[in-house]
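A short reminder: the numbers here are calculations on the coordinates, not readings from a lab. Since we're looking at a predicted model, the values are computed, not measured. Every residue, glycine among them, receives a Cβ derived from its backbone with ideal geometry; neighbour counts consider all protein chains shown.
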Amino acid sequence: MKLNFTLLARGLSVCGLSFVGFMLAGCSTPTDDAMFSDTPNPPAMSGPPSAIDSAADAARFHVGDTVIVTLTGLPEDIPPHQEPIKEDGTITMPDIGKVLATGKTAGDLQNEIHDLYVPKFYTHLTVTVSSGDRVYFVGGEVKSPNRYVYSGETTVSRAIQAANDFTDFANHKKVVLIRANGERIKVNVDKVLKGEAEDPPVYPGDQIQIPRRIW
């Protein structure tokens, strides 16, 4: 009888310890291991969308950019093709004709040109695309006439501001925007600033001329 009582006491003790261990395990905090977490990892943070968009836009070709296309790996050497992007956003390559360039990076454009030539015209070909200087010019009656680096979308009024604004003798109403293809656009900047006229975009290779007032 005494032996049975001892065995019973030991059994109760083991059960009690097991119950306590179970309760402690149930109250413990969930594991931090990502494999067992129900909460997804937060997305990686990046820079401000506007800054990212501006950088991406600046890396792509725009109307007026000079595109230089070099074709190598051919039986005979071909001079590099150099051409400013036309108003319709294209350049014209030998044999394949017009190719849309605006909105594309140099890598995008060289891959497209390669696929248009190979295998239709050539078996093997290496295409390299680069751009010339991306600048526009502001001259005449502004405080800092000069050439300016084209770093993204701009307009006539903003380009004039970049040149430290008009001089006291500038004719605000007869500003002339000269496109790289020779097109001339007259701009009344006073009306632009009042919201009464459009502010034309400025592209690489364009010139802005501000004449002097007669009186």
For the Asp115, Ile185 Cβ pair and Förster radius 41 Å, calculated FRET efficiency rounded to 0.05 is 0.65
The extension gain from Gln161 to Ser130, computed as 0.36 nm times the residue separation minus the Cα-Cα distance, is 8.2 nm
The range 57-131: relative contact order from alpha carbon pairs under 8 Å, six or more residues apart, as a whole percent, is 37 percent
With +1 at each Lys and Arg Cβ and -1 at each Asp and Glu Cβ, the charge dipole magnitude of the range 159-215 around its Cα centre, to the nearest 20 debye, comes out at 280 debye
Given a Förster distance of 22 Å, the FRET efficiency implied by the Cβ-Cβ spacing of Ile178 and Ile78, rounded to the nearest 0.05, works out to 0.10
The FRET efficiency for Ala197 and Asp88, from their Cβ-Cβ distance with R0 = 25 Å and rounded to 0.05, is 0.55
Among the Cα-Cα pairs of the range 78-215, the proportion with separation greater than 24 Å, in percent, is 42 percent
Once the in-chain neighbours fewer than 8 apart are removed, the lysines whose Cα is under 29 Å from Lys194 read Lys143, Lys173, Lys174, Lys186
